[in-house]
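Shown next, in structure tokens, is the structure this report addresses.
Throughout, read-outs are computed from the coordinates displayed, never taken from laboratory work. As the structure is a prediction and not an experimental result, all values here were calculated from the model. As a convention, Cβ positions derive from the backbone with ideal geometry for all residues, glycine included, and neighbour counts pool all protein chains shown.
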Amino acid sequence: MRDREMFGRPVEPDPRPAAPPSRNRQRMRNGHRREYAADRARGSTISFRERCAGALTDIGVHGAVSYRDLAEARFGGHPYTTRRAVNGWIDDGLVAETTARGPKGNAFKVLTLTPLGVAKAREHAAKRGMDRGQQIEIPRIRSAQAAHDTAVYRACARERERLRERGATVRRVRLDAELKGAVARASESARRKDGKRAADAERHRIARELGLPVDDEGRVLHPDAQIEYEDADGRTGRVNIEVASGNYSQETIKAKAAAGFAMHASGPAAASMLRKLGLGPGDDGSWIGGPADRDPATVEL
């Protein structure tokens with residue numbers, strides 16, 4: 001084979017323009033087979049099938065996940081591998097891909113499950129050792145909430161990685177809707193039977209059972225998400241996660257930080273407020289960025 005020829009034909013240059021540089025601090029990977037060869041050389045043992053199983057489980061657990069966030073969390077930021085996985089899910093009728101907009105109007109892609117995808121994600125979750133009670137359903141996506149909902153996934157991915165580094169295994173993730181629903185059902189059931197005082201007592205009891213703090217005025221503080229985990233010694237624990245946006249008041253942030261919530265900022269205004277209150281951003285990972293901070297051309301091929 002002569003230089004610049006393949007199978008007896010001249011090799012044409014790639015006509016596609018180069019992707020513009022990403023503004024994200026974590027540079028997207030490029031390459032394809034050569035990158036996976038390098039991964040193997042570094043000792044990576046995560047197969048494509050395992051990555052897909054974890055990613056599909058994530059979509060089911062969190063309801064709505066940004067395409068870019070899933071690429072970074074489950075596919076090492078590799079654009080071609082992510083596209084291969086997503087296209088396969090769409091072809092199999094497991095996933096729907098839609099477009100949402102961030103607070104500043106920036107468009108970004110969101111992945112959700114179909115009914116068939118829900119069944120598959122539940123199967124993956126069980127095989128991955130997650131609790132039988134793990135909720136996986138088709139969410140009701142509200143465009144106005146899409147940016148915040150996907151930011152919760154980014155925050156959970158940060159906390160999940162910290163737990164993994166400590167040798168812990170995630171067993172269940174509860175989102176705020178599930179937590180609020182559990183507290184409300186228990187309280188209402190007690191109210192119908194025995195009145196308001198019984199309802200208050202039951203609300204506090206179920207809050208303690210779920211690891212939710214109660215403030216001095218008797219109000220239950222609900223996080224955006226809660227991760228249940230099992231550490232290397234078999235002990236269980238919880239991490240309550242809150243994603244603050246720019247419209248959060250200082251009082252709200254202080255109350256949730258004082259209750260032990262892991263605070264993350266979505267947007268520069270929230271990051272500035274956390275910094276002002278001594279809660280980040282910084283090495284603690286409280287700044288999680290968002291669709292408005294990214295150039296989607298580097299991954300959404």
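Which order, highest average first, do 55-62, 177-184 follow once you tally other Cβ atoms within 10 Å for each residue and take the mean per peptide?
Highest mean packing first, the order is 55-62, 177-184.
Calculate the FRET efficiency for Asp200 and Asn247 from the Cβ-Cβ distance with a Förster distance of 35 Å, rounded to the nearest 0.05.
Step by step, r from the Cβ atoms, then E = 0.75.
Return the lysines within reach of Lys193: Cα separation strictly under 28 angstrom, same-chain partners fewer than 8 residues apart disregarded; answer none if there are no such residues.
Those lysines meeting the cut-off are Lys180.
List residues of the range 64-87, by number, whose backbone nitrogen lies under 16 Å from a label position 7 Å along Cα→C-beta of Asn106.
66-72
If you put +1 on each Lys and Arg Cβ and -1 on each Asp and Glu Cβ, how big is the dipole of the range 133-226 around its Cα centre, in Debye rounded to 20?
The calculated dipole for the range 133-226 is roughly 240 debye.
Mind listing which trypsin sites (Lys or Arg not before Pro) in the range 76-128 are in a DSSP loop and have 11 or fewer other Cβ atoms within 10 Å?
Here the sparse-neighbourhood loop sites are Lys104.
When only C-alpha pairs under 8 Å and at least 6 residues apart count, what is the relative contact order of the range 40-298, in percent?
15
Students often check this: by mean Cβ neighbours within 10 Å, which of 136-144, 216-224, 266-274 ranks highest, and how do the rest follow?
The densest-packed peptide leads the list: 266-274, 216-224, 136-144.
Is the shape of the range 40-298 rounded, prolate or oblate, going by the alpha carbon gyration tensor and its root eigenvalues a ≥ b ≥ c, with a/c under 1.5 for rounded and a/b larger than b/c for prolate?
prolate
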